[in-house]
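The values are calculated or read from the model by the stated rules, or taken from the named source; none is laboratory data. Here the structure is a predicted model, which means the values were calculated and not measured. Quick reminder, even Gly has a Cβ in these numbers, built from the backbone with ideal geometry, and neighbours come from all protein chains shown.
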Amino acid sequence: MLGLTASRLVASSLVLRRALTKTTWLRPPAVLTYASLLLLCAITATANAQQQTAESGISSSSLPDAPQPQSDQQSAAEQTTSAEGSASVSGVVLDVSGAAVPGAQVSLTHRDGTQLRMLNSGGNGEFAFTKLPAGSYLVIVSAKGFAPFTSAEFVVTAQQSYEVPTISLSVAMTDTEITVRPTDVIAAEQIKAEEKQRFIGVIPNFYISYVHDPAPMTTKQKFSLASHDTFDPVSLIGVGLAAGIEQANNTYAGYGQGAAGYGKRFAAKFGDGRTSDFLSHAVFPSLFHQDPRYFYQGTGSFKSRLVHAASFAIITRSDNGKPMPNYSYFLSDIGSGALSNLYYPHADRGIGLVFTNAAIGIAGKAGGTIVREFFSKRITTNVPGDGKP
């Protein structure tokens, strides 16, 4: 309508101007002409302003509402509060005696086991989960030395402060696995280790146990170890050296000299050693259920260690670990001396030879155990234990 009004005003002004042009004779004074023009301009300006206002109103009404900053901030805050929630879950972790358990790991989970949050209990066992959305939850607690704890499922609503009922942790049960093996299997492993023991890595040192409480040996194991010891190549070298010394000193002159005399002496020393070894380490220990090994003490005063070593020729250990007279050593030396009458020269045979060889054997064993107690460990290879604890 404003546009039509403006158009009509413009048309009227044009008609008026033409009429004035054609009827010059009716032309009014100049003052009236100028007044008419000013009025026309004012009407045109008013029409244009109203048209621009109308267009502006139409344009603004067609666009969406401008964003309202304050309203949007309030909406975001409400959404954040809704996402975090307003509920809380708290509790205290205790042990069966009622004492607080600090540092326990507390997990808040969903029903399906999905972990939502986790924290450690405080100095008084307390814990608290805040800003939780409404829903169903479980609390799982674990602590070192205690069995795990899982609460019953519970439901919290908006703005609710839920306290988990008493959480009491019980002491965790420890599983101890014990492998029981037959004693003969254990003894076999220990004997195998002993067979690696050698003075300066060469001379057999099989009959000393550096393990204070070894497994008892079976009869078969006693004979097996005696065979390994007495037929060891190094032992045969020792027999040869002893026979050579007797040959040089013309001991047991009835054997004579030369290769034949040396051979007889070698055979005699070999027989003495083999019969003594088997009788003292296998035969009599099996009959009397005695352990033929020397047990290294390694601790205590010099006197106690000396007495322990020297007394071994008289006191030994039974298969069940109890002390008993060393029948094996005494009878083996007597038996070996008696057998020596079968191959020594006739002039040297008799009861004297028996007790002489027995005394030499006992003295040799006592001296050998003293050396083993105080010196052998330092120069023995593959030592598995440390002696008496």
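Computed values, structure above
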read-out	value
Any hit, region 273-285, residues being of a type in the set (A, V, I, L, M) and at pLDDT below 90	no
In region 102-140, the residues that are under 16 Å from Gly85 (Cα atoms) and part of a strand (DSSP E or B)	Leu108, Thr109, Leu116, Arg117, Ala128, Phe129, Thr130, Lys131, Leu132, Gly135, Ser136, Tyr137
Residue match in region 275-298 (condition: in a helix (DSSP H, G or I), touching a residue at least 60 places away in the same chain (Cβ under 8 Å) and surrounded by fewer than 18 Cβ atoms within 10 Å (Cβ to Cβ))	no
Test: residue in region 319-327 that is in contact (Cβ under 8 Å) with a residue 60 or more places away in the chain and either in contact with a helix residue (DSSP H, G or I) (Cβ under 9 Å, 6 or more places away or on another chain) or not assigned by TED's automatic domain parsing to the domain that holds Tyr252 (or both)	yes
Filter result for Ala242 (closer than 15 Å to Ser336 by Cβ, surrounded by 20 or more Cβ atoms within 10 Å (Cβ to Cβ) and out of contact with any Pro (no Cβ under 7 Å at 6 or more places or on another chain))	no
Yes/no for Ile334 being surrounded by 13 or more Cβ atoms within 10 Å (Cβ to Cβ), closer than 16 Å to Asp277 by Cβ and out of contact with any Gly (no Cβ under 6 Å at 6 or more places or on another chain)	yes
Single condition Ala193 does not satisfy, out of (1) among the hydrophobic types (A, V, I, L, M, F, W, C); (2) at pLDDT 95 or above; (3) within 30 Å of Arg372 (Cβ to Cβ)	(2)
